[in-house]
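Please treat every number below as a calculation from the coordinates, not as lab data. Computed from a predicted structure; not experimentally measured. Using ideal geometry, Cβ is built from the backbone for each residue, glycine included, and neighbour counts are taken over all protein chains shown.
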2 protein chains.
Amino acid sequence: MSKLFERVALLGLGLIGSSLSHVIRQKGLAANITGYARSEATRKRALEIGLVDRVFTSAAEAVTEADLVILCSPVGTYGALAQDIGPALMEGAIVTDVGSVKAAVVRDAGPHLPASVHFIPGHPIAGTEQSGPDSGFAELFANRWCILTPLPGSNPEALAKLIAFWKACGSNVEIMTPEHHDLVLAITSHLPHLIAYNIVSTAADLEEVTDSEVIKFSAGGFRDFTRIAASDPTMWRDVFLNNKDAVLEMLGRFSEDLSALQRAIRWGDGEMLFNLFTRSRQIRRSIIAAGQDTAAPDFGRGPPKG
Amino acid sequence: MSKLFERVALLGLGLIGSSLSHVIRQKGLAANITGYARSEATRKRALEIGLVDRVFTSAAEAVTEADLVILCSPVGTYGALAQDIGPALMEGAIVTDVGSVKAAVVRDAGPHLPASVHFIPGHPIAGTEQSGPDSGFAELFANRWCILTPLPGSNPEALAKLIAFWKACGSNVEIMTPEHHDLVLAITSHLPHLIAYNIVSTAADLEEVTDSEVIKFSAGGFRDFTRIAASDPTMWRDVFLNNKDAVLEMLGRFSEDLSALQRAIRWGDGEMLFNLFTRSRQIRRSIIAAGQDTAAPDFGRGPPKG
């Protein structure tokens with residue numbers, strides 16, 4: 001793969017920022033990488049492990065002369081970041097992000113970015129429950145989808161270049177509006193995280209069942225939820241604060257459906273339960289067929305270690 | 001490991017029954033294994049792949065001369081099965097089961113079993129989303145917990161022998177009452193499955209988001225839920241019909257907690273969200289430390305395949 005950009009600025013060096021650095025280096029997508037992180041420890045570590053060629057204490061300095069700027073911090077920081085970098089951006093630069101919500105990014109960052117840059121919000125649907133500069137790896141985006149939400153009037157050449165970038169990272173690219181993105185992600189990502197956080201919290205608060213019992217017997221299913229409930233709290237707080245309407249809509253539907261299941265259990269309606277449980281299998285098969293999960297039993301965790 | 005039993009009868013040859021067969025063979029825990037399955041196809045397959053030495057169309061025949069009888073079919077079948085095998089059981093035989101509920105098993109199977117056998121209900125907290133005679137493997141129980149719920153007056157020698165059996169299968173053994181078991185599993189297994197089935201159903205019913213979008217973008221978290229929602233529908237129908245009170249209790253608490261989260265989102269209470277999301281990480285760490293899940297990011301699924 002040939003070089004697509006002279007200088008990529010990564011604003012935020014956690015899981016996504018560090019993974020981007022690895023894949024940019026591996027595929028030779030940029031001549032050099034500059035970085036910004038709020039914490040001293042992250043900046044130091046990013047230099048140590050070679051994530052960036054130069055690291056800055058100010059985002060504005062990091063974006064100087066960058067032809068691709070990627071916001072990789074929690075979405076709650078985007079407004080202030082955009083305000084900060086706005087005057088320092090190079091004319092013709094592409095500015096994008098990796099945030100899990102899109103309408104709020106357009107609302108918060110958009111007004112601070114000059115008309116001379118190409119602002120194209122984006123969201124790679126990829127991640128793990130880990131965070132921080134050491135958690136990244138080059139394959140994170142391989143065969144995952146990246147959603148781009150260009151604005152009306154986005155420059156087609158800039159869009160094509162950003163698509164080429166994500167494809168070079170191994171991703172498939174889908175285009176949609178910010179509003180539709182937020183609805184799709186509310187069900188495929190935000191609600192699952194909310195429910196996972198919630199059941200872990202419910203379990204921790206029980207009086208009749210000890211935490212030790214919850215932990216020992218978690219292989220019955222509970223442990224699956226704890227993985228995504230171990231995701232970064234700041235990032236997820238910002239997601240829920242910034243995709244309120246879509247999350248509340250999906251949550252309302254989920255709760256209605258759960259009430260119907262609750263009623264079926266209370267009244268012993270085995271047929272309703274059986275029918276609902278049966279159709280779920282097909283969706284898992286489709287996800288595996290689409291290459292979005294492993295077919296190995298138990299996610300391929302393998303035999304447990306003693 | 002030396003032989004513990006002369007003849008083990010496996011009533012049901014799905015994931016658990018076939019895994020038991022593999023570990024019994026591997027560790028030499030019994031001289032021979034007889035089997036019973038309701039379906040002709042399962043019986044045929046069980047013989048083909050050597051799960052059993054002999055297979056029968058009647059459970060009563062399968063248990064003849066067995067000194068260990070293990071009920072491995074969905075818990076809704078246990079009453080009729082116990083009625084069937086009651087008169088055919090050998091004096092002094094140990095009768096146990098692997099059902100995910102315990103009080104209902106005591107209620108349904110207990111009355112049909114003669115006083116001359118040792119009835120000790122049990123539940124290995126192990127499984128995958130797969131089912132059927134080909135899904136088993138010898139390591140399924142390794143480093144997992146098996147809960148036994150002996151009844152008042154259970155014979156201590158029979159209990160010791162059953163504990164030795166499960167330890168030989170690689171499990172740790174915990175003793176508790178059937179009622180406490182049902183409460184613990186309601187939160188660590190039954191509620192997680194119910195919620196997973198429910199969110200998959202909610203997602204499938206959306207008008208604004210297509211099934212294809214749900215599948216493509218499932219790596220955002222949703223796919224984690226589809227694994228346990230692909231579990232055997234008959235087994236899970238029977239679990240919910242037979243642990244109604246404990247499941248409704250846990251579901252009530254879950255829904256209350258979810259309403260509080262919903263309210264925090266609606267009112268933009270970021271501090272509440274952040275605090276709740278933060279404490280979940282500790283529980284995941286404890287589960288990993290207890291050897292009940294892998295520490296590898298993404299359950300160690302590894303880079304996706306194209």
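Any idea what angle helix B:15-27 forms with the longest principal axis of chain B, computed on alpha-carbon atoms, 0 to 90 degrees, nearest 10?
The two axes meet at around 60 degrees.
Within the set of other residues whose C-beta is less than 14 Å from the C-beta of B:ARG54, count the net charge using Lys and Arg as +1 and Asp and Glu as -1.
-2
Can you pull out the GluC sites (Glu not before Pro) in segment B:1-96 whose DSSP state is coil and whose Cβ has at most 15 other Cβ atoms within 10 Å?
B:GLU65, B:GLU91
In sequence order, what are the phi-derived ³J(HN,Hα) couplings for segment A:204-217 according to the Karplus relation 6.51 cos²θ - 1.76 cosθ + 1.60 with θ = phi - 60°, rounded to whole Hz, with x for glycine and proline?
Ordered by residue, 3J(HN,Hα) equals 5, 8, 5, 8, 7, 10, 7, 4, 4, 5, 4, 5, 4, 9 Hz.
Would you list, by chain and number, the lysines whose Cα falls below 16 Å from the Cα of B:LYS44, excluding same-chain residues fewer than 8 positions away?
B:LYS44 reaches no qualifying lysines.
Can you list residues whose amide H is under 5 Å from B:CYS72's amide H, if they're 5+ apart or on another chain and H is modeled 1.01 Å from N?
Those qualifying (amide H under 5 Å, at least 5 residues apart or on another chain) are B:LEU11, B:GLY12.
Across the protein assembly as shown, what fraction of all alpha-carbon pairs, as a whole percent, falls in each successive 10 Å bin from zero upward?
The percentages, shortest bin first, are 3, 17, 25, 22, 15, 10, 6, 2, 0.
With springs connecting C-alpha atoms under 10 Å apart, model chain A as a Gaussian network and identify which of A:VAL117, A:VAL214, A:VAL247 has the largest mean-square fluctuation.
A:VAL214
Once Lys and Arg get +1 and Asp and Glu get -1 on their Cβ, which of B:LEU51, B:GLY28, B:PHE137 lies farthest toward the positive end of the dipole of segment B:5-176?
Toward the positive end, the furthest listed residue is B:PHE137.
Once segment B:190-306 is represented by equal point scatterers at the alpha-carbon sites, with solvent omitted, what log10 I(q)/I(0) does the Debye formula produce at q = 0.10, 0.14, 0.23 Å⁻¹?
One equal scatterer on each Cα of segment B:190-306 leads to -0.43, -0.89, -1.36.
In the neighborhood of A:THR34, defined by Cβ-to-Cβ distances under 14 Å, what is the net charge if each Lys or Arg adds +1 and each Asp or Glu adds -1?
Local net charge: -1.
Mind checking the dipole of chain A: about its Cα centre, +1 per Lys or Arg Cβ, -1 per Asp or Glu Cβ, Debye to the nearest 20?
For chain A, the charge dipole is close to 740 debye.
For a quick check: with amide H placed at 1.01 Å from N, whose amide H comes under 5 Å from B:SER171's, ignoring anything fewer than 5 positions away on the same chain?
It is B:ASN143, by chain and number.
Given label points at 7 Å from Cα along Cα→Cβ, what nm distances, shortest first, separate B:PRO111 from the same residue in every other copy?
Computed spacing set for this position: 7.2 nm.
Could you work out the mean count of beta carbons from other protein chains within 10 Å of each residue's beta carbon in B:136-142?
2
7 Å from Cα along Cα→Cβ at both A:ARG107 and A:ASP245: what's the point-to-point distance in nm?
With each label placed 7 Å out from Cα toward Cβ, I get 0.8 nm.
Once the Cα atoms of helix A:233-242 and of chain A are each reduced to a long axis, what angle between those two axes, in degrees from 0 to 90 to the nearest 10, is obtained?
Approximately 90 degrees, to the nearest 10.
Could you work out which residue, out of A:ARG144, A:ARG253, A:ARG279, moves most in a Gaussian network model of chain A, that is, has the largest mean-square fluctuation with Cα springs under 10 Å?
A:ARG279
Per residue of B:145-157, what is the mean number of Cβ atoms on other protein chains within 10 angstrom of that residue's Cβ?
1
Using each residue's phi in segment B:189-194, evaluate 6.51 cos²θ - 1.76 cosθ + 1.60 at θ = phi - 60° and report the 3J(HN,Hα) Karplus result to the nearest Hz, with x for Gly and Pro.
Along segment B:189-194, the couplings run 9, 6, 4, x, 5, 4 Hz.
Which residue is it, in chain B, whose C-beta lies closest to the B-to-A rotation axis, and what is that distance in whole Å?
In chain B, the Cβ lying nearest the symmetry axis toward A is B:PHE299, 2.
Cross-link list A:LYS216/A:LYS244; B:LYS161/B:LYS244; A:LYS244/B:LYS216: which exceed 26 angstrom alpha carbon to alpha carbon?
Listed pairs above 26 Å: A:LYS216/A:LYS244; B:LYS161/B:LYS244.
When Lys and Arg each count +1 and Asp and Glu each count -1, what net charge do the other residues less than 14 Å away from B:SER21, Cβ to Cβ, add up to?
So the environment of B:SER21 carries a net charge of +2.
If we hang a label 7 Å off Cα along the beta carbon direction at A:GLU249, how far is it from the matching labels on the other copies, in nm, shortest first?
3.9
Using unit Cβ charges (K, R positive; D, E negative) and no other charged atoms, how large, in debye to the nearest 20, is the dipole of the protein assembly as shown about its Cα centre?
Once rounded to the nearest 20, the dipole reads 1300 debye.
At A:GLU207, label 7 Å along Cα→Cβ: distances to the other copies, nm, ascending?
4.5
When all alpha-carbon pairs of segment A:243-306 are counted, what percent fall beyond 19 Å?
So the pairs more than 19 Å apart make up 59 percent of the total in segment A:243-306.
Helix B:156-168 sits at what angle to the longest principal axis of chain B, using alpha carbons and giving 0 to 90 degrees rounded to 10?
That helix lies at roughly 60 degrees to the long axis.
Explain nothing, just compute: Karplus ³J(HN,Hα) = 6.51 cos²θ - 1.76 cosθ + 1.60, θ = phi - 60°, for every residue of segment A:114-125 in order, whole Hz, x for Gly and Pro.
Listing the rounded values in order: x, 5, 7, 10, 9, 9, 10, x, x, 7, x, 8 Hz.
Given the options A:ASN198, A:ASN243, A:ASN143, state which has the largest fluctuation in a GNM of chain A using a 10 Å cut-off (strictly under) for Cα springs.
In the Gaussian network model the winner is A:ASN198.
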